[in-house]
Amino acid sequence: MSDTIHFYEPRAGHGLPHDPFNAIVGPRPIGWISSRSGDGILNLAPYSFFNAFNYTPPIIGFASIGYKDSLRNIEQTGEFGWNLATRALAEQMNISCTAAPPEVDEFALAGLTPAASRLIAAPRVAESPVSFECRLTQIVQLQRADGATVPTWLVLGEVVGVHIDRSLLKDGVYDTAAAAPILRGGGPADYFSIGPEQLFKMSRPG
């Protein structure tokens, strides 16, 4: 084994000051998930394991590590919203991460405005420039390689409605950098932002 490579088996520990896994697989987009319980209580929470998985139909997903309010609400109602976390909304997004009992409305806690969706009952974040309305397609409990289940659930939803602030559409093309999205890094408090200086173009071969 080369002395220039640090190798470890996760089951035995990484032997480093901080787990590098989250930093290697990153920065990651944030799943800022809005939901409504069967009793009508609003919930808003960020999830750092989030991404898009399909074009047609568009499908997004996030992983809930532990059985949390968002997961329970989505199981009850079959729907949820996703809201773009931007640099301007970073502090509010962070406040919405507060561990609070189910009866607490994180919209109110973070000083955010719930806006009515068009196709689902779960609200969106009015201050966010982009939101998706989603209907649940699957909830998958994750497993280890040996088949044993772990207390993490992958929630997948079909995007049935999209809200985009028109200021982000330049000649009809969505401007990613102009939205100033933030991404989750690997450290305990690390985030990244995107600006036009990070853009480069590369066409697929063939």
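Bear in mind that the values in this text are calculations on the coordinates, not laboratory data. Please read all numbers here as calculations on a predicted model, not as lab measurements. Positions of Cβ are generated from backbone atoms using ideal geometry, with glycine treated the same way; all protein chains shown enter the neighbour counts.
To the nearest 0.05, how large is the calculated FRET efficiency for A88 and Y67 if R₀ is 35 Å and r is the Cβ-Cβ distance?
0.65
Just the Kirkwood number for segment 94-176, please: inverse of mean 1/r across all distinct Cα pairs, in Å, one decimal.
15.7 Å
Beyond 26 Å, how much of the Cα-Cα pair distribution for the chain remains, as a whole percent?
Here the long-distance tail beyond 26 Å is 39 percent of all Cα pairs in the chain.
Largest first and to the nearest Å, give the Cα extent of segment 65-138 along each principal axis.
Principal extents (largest minus smallest coordinate, Cα): 32, 28, 20 Å.
Using a Förster distance of 45 Å, how high is the FRET efficiency between V162 and H14, based on the Cβ-Cβ distance and rounded to 0.05?
Plugging the Cβ-Cβ distance into 1/(1 + (r/R0)^6) gives 0.70.
Which whole-number percentage describes the relative contact order of segment 28-187, with Cα contacts under 8 Å and a sequence gap of 6 or more?
That works out to 27 percent.
Express in nm, to one decimal, how much length is gained between Q198 and S2 on full extension, taking 0.36 nm for each residue of separation and deducting their alpha carbon distance.
Roughly 67.3 nm would be gained on extension.
Could you state the number of Å between the C-alpha centres of segment 15-50 and segment 95-156?
9 Å
In a GNM of the chain with a 10 Å cut-off on Cα contacts, which of V25, V173, V162 has the highest mean-square fluctuation?
Comparing V25, V173, V162 in a Gaussian network model of the chain, the most mobile one is V173.
Which residue fluctuates the most in the chain, going by a Gaussian network model with Cα springs under 10 Å, if the choices are T149, T77, T137?
Judging by the Gaussian network model, the answer is T149.
Would you look at the GNM of the chain, springs on alpha carbons closer than 10 Å, and say which of F192, F21, F107 moves the most?
F21
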